Amino acid sequence: MASYKLASWQVRLHEIIYESNTRAGKIFDITLLVLIVSSILVVMLDSMQDLHAQFGTLFLVLEWFFTLLFTIEYMLRLICIKKPLGYVFSFLGLIDLLTIIPGYLSFFYAGSQSLMVLRGLRLLRVFRIFKLTRYVSEMQFLIVALKGSMRKISVFMFFVFALVVILGSIMYTAEHGQNGFNSIPDSIYWAIVTITTVGYGDITPATPAGKLVASAIMLIGYAIIAVPTGIITTEMALSARHMKQQSRTCRGCGREGHDADAEFCKYCGGKL
């Protein structure tokens, strides 16, 4: 398997399917994007009872049409890489498999009692939306920024958690356990809803002391909204400065995100 080499047509097919820096690759990506969005739209429209009653047969034909196309795409992706199993068990590979399995599983559920099960299985086709991540070049950039800011955001969330516990307890005392603040957990729930500026309005303070504390929490809520945004924005700026990656995809395992000067795949060791 290690000495297996791709034929010239497989190399060409790999460039079209996995690469996006060629004209053929861009056409393939755009076409696949249109098919993915169209298939998701069909699933959504089919979930509407009125439309399903009128165009149920048409939706079924379209779903099978998309299923067959995505099956062909999946097989072509396996054919044009050296290590197909690496793609099969990758995140995108599993997502691709989930988009086509429900249609074929319907062959095993022919009884009338299984119709409800089939409706549930068809919902798995919404997983096709995750296939869009392959064609968003900024996705890897955003993931790197989120990973880099995870510790700071965790500390911030711990601070917010401690804050709502304290303020919720204060509100329970200020309202004397009345007006919806029947317990400390209820008061903490109100503090979370208020500090996030959601404001359901199902619990409201009535005492002057409670209104004063509520006003303070509302102002704090507006102040802390910008904190995670600033953390992530800073990390994104740092990522843009240091991250030098290309969209080249390994012919061995089908994974991308390699350094600009890389000659070998950092996942399987294959030559780029």
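Structure notes:
- Intensity falloff of the stretch 147-242 expressed as log10 I(q)/I(0), Debye formula with alpha-carbon point scatterers, at q = 0.15, 0.17, 0.22 Å⁻¹: -0.61, -0.71, -1.01
- Sites Ile72 and Ser47 - FRET efficiency at Förster radius 22 Å, r taken between beta-carbons, to 0.05: 0.25
- Between the amide H of Phe264 and those of Leu272, distances stay under 5 Å, these residues lying 5 or more places away or on another chain, with hydrogens modeled in the peptide plane.
- Treating r as the C-beta distance of Leu94 and Gln54 and R0 as 30 Å, the FRET efficiency rounds to 0.30.
Throughout, read-outs are computed from the coordinates displayed, never taken from laboratory work. Just so it is clear, the model here is predicted, and its values are computed rather than measured. We place every Cβ from the backbone using ideal geometry, glycine too, and count neighbours over all the protein chains shown.
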